[in-house]
1. Of the residues in the stretch 238-262, how many are within 20 Å of VAL102 (Cβ to Cβ) and open to solvent by 10 Å² or more (accessible area, probe 1.4 Å)?
2. Mind checking whether some residue in the stretch 612-620 is of a type in the set (Ser, Thr, Tyr), in contact (Cβ under 8 Å) with a residue 12 or more places away in the chain and surrounded by 14 or more Cβ atoms within 10 Å (Cβ to Cβ)?
3. HIS552: free of Cβ contacts under 8 Å to residues at least 24 places away in the same chain and within 21 Å of ARG410 (Cβ to Cβ), yes or no?
4. Which is more than 16 Å from the chain's Cα centre (by Cα), among the aliphatic types (A, V, I, L, M) and within 30 Å of ALA115 (Cβ to Cβ), of LEU349, LEU337?
5. Which of the residues spanning the stretch 180-200 are under 8 Å from GLY211 (Cα atoms) and of a type outside the set (Val, Ile, Thr)?
6. Residues being in a helix (DSSP H, G or I) and either open to solvent by less than 40 Å² (accessible area, probe 1.4 Å) or of a type in the set (Phe, Trp, Tyr) (or both): count how many of those fall in the stretch 530-542.
7. How about the stretch 496-520: which of its residues are in contact (Cβ under 8 Å) with a residue 40 or more places away in the chain, outside any loop (DSSP other than H, G, I, E, B) and open to solvent by 10 Å² or more (accessible area, probe 1.4 Å)?
8. May I ask you to say which residue of ILE402, ILE417, ILE379 is closer than 23 Å to VAL255 by Cα, open to solvent by less than 10 Å² (accessible area, probe 1.4 Å) and among the β-branched types (Val, Ile, Thr)?
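The values are calculated or read from the model by the stated rules, or taken from the named source; none is laboratory data. Keep in mind that what you see is a predicted model, and the values were worked out from it rather than measured. Here the Cβ positions follow ideal geometry from the backbone for every residue, glycine too, while neighbour counts run over all protein chains shown. All accessible areas refer to the heavy atoms of the entire protein, side chains included, with ligands and DNA or RNA removed. Shrake-Rupley method; radii C 1.70, N 1.55, O 1.52, S 1.80 Å.
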Amino acid sequence: MFTQNLNIKPAKLYYAGDDLGLTFSEDSINYKIWSPPAQSAVIEIYADDRGAKKLTEYELQPGLSDTWEVELPQRLYGKYYRLRLKVHRREYNFVDPWAKAVGTNSEYGLIVDPARIYPPTWTHDQKVELEDPVDAVIYELHVKDFSASPESGIRHQGKYTAFTERHSVNREGMLTGIAHLKELGVTHVHLLPVYDFASVDDRDPDDYNWGYDPLYYMVPEGSYASDPSNESRIYEFKKMVKTLHSYGIGVIMDVVYNHTYHTQNSPFQKIFPNYFYRFTEDGKFANASGCGNEVASEREMMRKYIVDSLLYWSREYHIDGFRFDLMSSIDRETMLLAEHKLRKENPSLLIYGEPWTALEPQLQRYQQIRKGDQRGTGISVFNDNFRNALKGDSDGIGRGFIQGEIGLEREIDEGVIGAIGLEERRLYGFTLQPGESINYLDSHDNLTLWDKLARSCPGANEEQRKKMHKLGQVILFTSQGVPFVSAGTEFLRTKFGDKNSFNSGIDVNELKWERKTTYREHFNYVKGLINLRTHHPAFRMRSRTEIKEKLHFIDSPFATVGYGIFNNANEDAWSTILVLLNPSHEWKQFYLPENRTWAIVVDDKEAGTEPIRFFHSHEVMVPPITGMVIYAAELVTGY
């Protein structure tokens, strides 16, 4: 449609260079854009990011492959700019989509070189290495939520630099901030959108949004910077990443390439009307995102833009992974190309996404990566099958396994093995290897798990709901695949029943660090489970072959699940490990494979790697609403 309207041959619609936007040399600055329909282009130079004083302007000249370019003098470094573009007899004044630095609220571009802006020892910064995705423990977190509460004890509340404060505590002296992350034992922080998004005012500290509203994809968000008008966001973002890396914690970016916040007013639409978006048969903007538009990732320059921007974040900001919002709206070829190029540079990179869309995209089914289509691609997907089996629907009163719902044992079995499938047990999974399954109980979307338990189990008291929550964590951290937790899970995070808090404000969304004190025992329990997983590779098997050989389900009482991991799986020090899951409100007797000495390391009150107690038997009673982990131990002298 767009080629017919613009009378441009498809063969021309590509520029292979890597120098779009601003590029810098010792004595000059080059500015280049790509716009096939442009009739003229001018870059306007301003003294500040308010446009109060226009200094000068330079006309861009036509270049190769529909580019327009101009060489600027070095004295303009640090100034601000806008592009004035004439397309189809209309004139637009805006910041181009290849911008890598902008001023307050992205109204003006900033002429600085991000490669020259970095904290001390940045050049020695090292990304986090992983042998396999299953070795990750992912912690999903919003930048402002992390530190906005006065209870956090953090000075730079709601800012990137909050992650650089190493010794913060709450009022009772318990660790908060980055020290808390290290104490908990997570390996990666998954940050909700930190590219530049359009839905908050950079100058208003009380303005709040999750940030799934992309504006400039290669610029850090300004509202999290100490000064959104200058290069502070670049420096502080890198300092945040470097500090997390110094703690051995990787940084994953939540990226939203399925739509843009603006449609007609977006920089893409102004650069080349109707090229970067999909349309329905009746000529309207398609809307697989449910947000008003649908990015045409399959078009060559949009594909190039997506891949180039991902590589830019990986190279310039040392990002360790990417989570793709509504990934099925991004065409398969683009996703595979991105994975290939990113993995070539960083074999440890984590790449995962939502294997669904909000509405049906304008893509053929074979062009989409839905659940199961990721097999063998190096891309992982969220396992909502497992999530729903564990807790029921995400917002309503439906119950899952951890609330005692009967008949979900098969779905739990499938999740436990990383969704690889066991045909002999009629388990038909969707992964080739367990690392393709992102296992989770909740995320930023929908009710928190604690709020879901309150809604679905109104008759349960707090102690019973705490046990359900613990049972869910036991299953999550002992299952094969990649565990993913929402920030605050470790101290029973609540959003007061708000199931869609994307703009509900910081009072609802902030991490309430006083809960770490109130629910200290629960924090220690989750910390113990992460420690157990980290130190026992049997819970992190890397291949479907080993899982099939070493993990076997055992006969267990009605509406429970029990399984064993045998023969020092994945070179684990423990020869036999049993995981016994009892969601019922009654004690249940599990018969064990051997009559020998067993050590309990997880029960309804404690979790970790050290034995809570030993027993010698071929059976064990598991308390109500409890996950128990035991391992085969030698008989202790004097037992």
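1. Qualifying residue count, the stretch 238-262: 3.
2. No.
3. Spelling it out, HIS552 is indeed free of Cβ contacts under 8 Å to residues at least 24 places away in the same chain and within 21 Å of ARG410 (Cβ to Cβ).
4. Among LEU349, LEU337, only LEU337 is more than 16 Å from the chain's Cα centre (by Cα), among the aliphatic types (A, V, I, L, M) and within 30 Å of ALA115 (Cβ to Cβ).
5. LEU192, PRO193, PHE197, ALA198, SER199
6. Counting residues in the stretch 530-542 that are in a helix (DSSP H, G or I) and either open to solvent by less than 40 Å² (accessible area, probe 1.4 Å) or of a type in the set (Phe, Trp, Tyr) (or both) gives 7.
7. ILE506, GLU514, THR517, ARG520
8. ILE379
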